[in-house]
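The values are calculated or read from the model by the stated rules, or taken from the named source; none is laboratory data. Predicted, not measured: the structure shown is a model, and the values here were computed from it. In this analysis, Cβ positions are derived from the backbone assuming ideal geometry, glycine residues included, and neighbour counts consider all displayed protein chains. For accessibility, only protein heavy atoms count, side chains too; no ligands or nucleic acids. Shrake-Rupley method; radii C 1.70, N 1.55, O 1.52, S 1.80 Å.
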Amino acid sequence: MAEKWFNVGKIVNTHGIRGEVRVISKTDFAEERYEPGNTLFIFKEGSTEPIEVVVESHRIHKNFDLLTFKGMHNIQDVEQFKGSLLKIDESQLSDLNEGEYYFHEIIGCQMYTDQGDEIGTIREILATGANDVWIVKRKTGKDLLVPYIDDIVREINIEEKKVIITPMEGLLD
């Protein structure tokens, strides 16, 4: 079995009676991950062995990803998965174009201003419609929300886990 697993989402509930599950996604490429025919792994709470499933259908409904899995067409088949995590293994990651990054590469990076001042650590990424928003845990005070746009994010160094930004006026207040 795989040594390194990456979260794709969490199954929060069932949807209807035909085996559909409601997922809150935590993935950078939901359309790609949930494409029919793709394999995902379900990690149930308290279990060490993942359950391999194949996506049969995917649609979006009210900010949730709704999935069905092959061979599971009844609510009784999927109800056991409530609260479970959906993951992929490292071998399922594809190569990205230059300047593109997976969430797990960005999360944990230290963020600095272009003047060298440390801001904090990127702890989460929100995928919004227009652009991603990075949530930065500051040493003191509230978390900082930084939009991932070219005008702000100047440099990303994955090897050094370092991000440099040029803050817009009022961003660091």
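Of the numbered conditions (1) surrounded by 14 or more Cβ atoms within 10 Å (Cβ to Cβ); (2) within 24 Å of Asp143 (Cβ to Cβ); (3) over 14 Å from the mean Cα position of the chain (by Cα), His58 satisfies every one except a single condition; which is it?
Evaluating His58 over (1) surrounded by 14 or more Cβ atoms within 10 Å (Cβ to Cβ); (2) within 24 Å of Asp143 (Cβ to Cβ); (3) over 14 Å from the mean Cα position of the chain (by Cα) leaves (2) as the failure.
Of the residues that sit in segment 9-27 and are open to solvent by less than 10 Å² (accessible area, probe 1.4 Å) and hydrophobic (A, V, I, L, M, F, W, C), which one is nearest to the chain's Cα centre (by Cα)? First the steps, then the outcome.
Taking segment 9-27 first, the residues open to solvent by less than 10 Å² (accessible area, probe 1.4 Å) are 9, 11, 19, 21, 23.
Within this subset, residues satisfying the condition of being hydrophobic (A, V, I, L, M, F, W, C) are 11, 21, 23.
On the way: Ile11: 13, Val21: 17, Val23: 12 Å.
Filtering segment 9-27 for residues that are open to solvent by less than 10 Å² (accessible area, probe 1.4 Å) and hydrophobic (A, V, I, L, M, F, W, C), the one nearest to the chain's Cα centre (by Cα) comes out as Val23.
Being within 21 Å of the chain's Cα centre (by Cα), open to solvent by less than 40 Å² (accessible area, probe 1.4 Å) and in contact (Cβ under 8 Å) with a residue 12 or more places away in the chain narrows it down to one of Pro36, Pro50, so name that one.
Numbers: Pro36 fails: open to solvent by less than 40 Å² (accessible area, probe 1.4 Å).
Being within 21 Å of the chain's Cα centre (by Cα), open to solvent by less than 40 Å² (accessible area, probe 1.4 Å) and in contact (Cβ under 8 Å) with a residue 12 or more places away in the chain holds for just one of Pro36, Pro50, which is Pro50.
Considering only residues that are polar (S, T, N, Q) and closer than 11 Å to Val21 by Cα, which ones fall in segment 41-75?
Our first condition is that a residue be polar (S, T, N, Q); within segment 41-75, this holds for 47-48, 57, 63, 68, 74.
Matches in segment 41-75: Ser57, Thr68, Asn74.
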